[in-house]
Amino acid sequence: LRKLPLFEQLSEEEIAEIASLLVIKEYDKGSNLFWEKEEGNELYIIQSGAVKIYRQEEGREIILTVFHAHDYFGEMALFGDQSVRSASASTLDKTKVFILRRVHFLELLQKKPDIFIKILNTTLERLRKANELIADLAFNSANSRVARLLFRLSEEQTGQYVIPLKLTHHQIADMTATTRETVTKILSDMQNRGIIQIIRKQITITDPEELKACASLE
Ligand code: CMP
């Protein structure tokens, strides 16, 4: 628990108190945690794994974001009068979460204004990213959206940029508001041009400069 940015300033006793309130749950890959518009009373903190936050309409899906270890979500339904989920959540991997119930979460925020401010900062950061996504959808081509997504998801591993998740073309399409066919075409074009390498669904960025050009020049 100490590793979680949300709780890093708490004392040993406070951590112990929170630990007694948290429930740990483990989910298989592809499990639904909750649905959009459903009533929600719990905050989720990821211990390990990955969770996608998405909206669905008429069989199409848009992934708003992907959360990883130490991220939290589900706080929106816990504030104010609106207690419904603003989006659905499901696991992209085997995932372990800590779950905190609304009453305990709200009590914690009252006792610890530092945590309240942290949550506000995270919310603002997420709003900035959501604005970026809106602008990206409005102004940029599918090609540049896929390039930007690859940058966003990449992590540096021994000097190379690697996408740590194995994603299907369908999932990438859902994250960039395009079709699976378009993603397949864009990725194979990038691969032919030596910009990326795909081995067993694992994507490595082999030419970051050229990918940057794809991301902004289109
Ligand atoms: P809640 O509305 O309870 O359930 C869905 C959760 O996903 C929401 O709380 C937030 O924690 C998170 N969420 C919703 N929309 C976004 C977004 N645009 N960016 C990041 N996180 C989001």
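The values are calculated or read from the model by the stated rules, or taken from the named source; none is laboratory data. Keep in mind it's a predicted model, so treat the numbers as computed, not measured. Areas reflect the complete protein model, heavy atoms only, side chains present, ligands, DNA and RNA absent. Shrake-Rupley method; radii C 1.70, N 1.55, O 1.52, S 1.80 Å.
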Given the protein chains as shown and a 1.4 Å probe, how many square angstrom of V103 are accessible, to the nearest 10? 90
Using only the alpha carbons of the stretch 1-114, determine the length spanned along each of the three principal axes and report them from longest to shortest in whole angstroms. 48, 32, 19
Please compute the Cα-Cα pair-distance distribution of the stretch 175-218 with 5 Å bins starting at 0, giving whole percents from short to long. 5, 21, 27, 30, 15, 1
Can you give the relative contact order of the stretch 48-158 as a percent, counting alpha carbon pairs under 8 Å and 6+ residues apart? 22
With all protein chains present, calculate the accessible area of S86 using a 1.4 Å probe and round the result to the nearest 10 Å². 60
Between the stretch 156-218 and the stretch 48-64, what is the separation of their alpha carbon centroids in Å? 19
Note the angle between two axes, namely the Cα long axis of helix 113-139 and the longest principal axis of the Cα atoms of the chain, as a number of degrees from 0 to 90, rounded to the nearest 10. 20
Ignoring any ligand, DNA or RNA, what whole percent of the accessible area of the stretch 101-218 comes from carbon and sulfur when the probe is 1.4 angstrom? 54
Tell me the relative contact order for the stretch 102-218 as a rounded percent, counting alpha carbon contacts under 8 Å between residues six or more apart. 25
Could you rank F73, F139 by how accessible they are, 1.4 Å probe, largest area first? F139, F73
Percent of Cα-Cα distances greater than 29 Å, calculated over the chain: 33
Per residue value of the accessible surface for the stretch 1-72 (all protein chains in place, 1.4 Å probe), Å²: 60
Could you grab the relative contact order for the chain? Cα pairs under 8 Å, six or more apart, rounded to a whole percent. 19
Relative to the longest principal Cα axis of the chain, at what angle does helix 180-192 sit, 0 to 90 degrees, rounded to 10? 60
Output the 0 to 90 degree angle, nearest 10, between the alpha-carbon long axis of helix 142-153 and the longest principal axis computed from the alpha carbons of the chain. 50
Calculated from DSSP H runs of 4 or more alone, at -39500 (n - 2.57) each and per residue, what is the 222 nm mean residue ellipticity of the chain, nearest 500? -12500 deg cm²/dmol
Ratio of alpha-carbon Rg to the 2.2 N^0.38 Å globular estimate for the stretch 46-86, to two decimals, please. 1.35
